[in-house]
């Protein structure tokens, strides 16, 4: 391929890549995400995971809030502790949503094996390829997305530690922008619970 053709092809590929995620707005401030979502005619529904029993889940864990069914999974299982939703191993965690949503957010951070908060780098990737990479160090850290075109059907969270030791991707809450009026209701959870407290 000639250098000119290569440059044209590379420019076209870059334009397509940019347009694929051009409809996604990313937020790290919860008030701004909430205000933007409600300005789009949505109401906010919150999944706190408080209805999910503590312990290890080999199978994906699911629940429902305001008509949105969510499912959280990881290759080696999920571990829940005191409303914190995490992985059993230090590996990516994926949430899927049905039906897809235009706005999704969460308090997302990293924890060690005992659920202590650890400073870490997070990458969140959506079903449409849009992603965010940033630093987290607190249970209050917030990452949110709003898609002005295609609905978001999944969100994968990957954590990398900034020091020694494994880092587990962890979520304290998930927030959904749903068609108004959206009543918040937790309908249920599924999964097999083990009695083990410490992640393997």
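In table form, for the structure just shown:
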| quantity | calculated |
| --- | --- |
| Some residue of region 89-102 being more than 19 Å from residue 72 (Cβ to Cβ) and in contact (Cβ under 8 Å) with a residue 40 or more places away in the chain | yes |
| Test for residue 129: is it assigned to a loop (DSSP other than H, G, I, E, B), within 15 Å of the chain's Cα centre (by Cα) and over 23 Å from residue 67 (Cβ atoms) | yes |
| Any chance residue 127 is touching a residue at least 40 places away in the same chain (Cβ under 8 Å) and out of contact with any helix residue (DSSP H, G or I) (no Cβ under 8 Å at 6 or more places or on another chain) | no |
| Residue in region 157-166 that is modelled with pLDDT of 95 or more and at negative phi present | yes |
| From 177, 171, 151, residue being out of contact with any helix residue (DSSP H, G or I) (no Cβ under 9 Å at 6 or more places or on another chain) and within 19 Å of residue 108 (Cβ to Cβ) | 171 |
| Residue match in region 77-86 (condition: crowded, with 21+ Cβ neighbours inside 10 Å, without any contact (Cβ under 8 Å) to a residue 24 or more places away in the chain and farther than 17 Å from residue 147 by Cβ) | yes |
| Which numbered condition residue 136 fails, given (1) buried (at least 23 other Cβ atoms within 10 Å of the Cβ); (2) in contact (Cβ under 8 Å) with a residue 40 or more places away in the chain | (2) |
| Residue 109 at pLDDT 95 or above, touching a helix residue (DSSP H, G or I) at 6+ places or on another chain (Cβ under 9 Å) and closer than 18 Å to residue 28 by Cα | no |
| All positions within region 103-119 that are in a strand (DSSP E or B) and either touching a residue at least 60 places away in the same chain (Cβ under 8 Å) or buried (at least 24 other Cβ atoms within 10 Å of the Cβ) (or both) | 103, 104, 105, 106, 107, 108, 109, 110, 111 |
| Answer from 98, 43, 39, 64 - the residue that is at pLDDT 95 or above, touching a helix residue (DSSP H, G or I) at 6+ places or on another chain (Cβ under 9 Å) and surrounded by fewer than 19 Cβ atoms within 10 Å (Cβ to Cβ) | 43 |
| Residue under evaluation residue 138, criteria (1) at pLDDT below 95; (2) not in a strand (DSSP E or B), criterion not met | (1) |
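The values are calculated or read from the model by the stated rules, or taken from the named source; none is laboratory data. What you see is a predicted model; the values in this text were computed from it and never measured. Backbone-built Cβ (ideal geometry, glycine too); neighbour counts: all protein chains shown.
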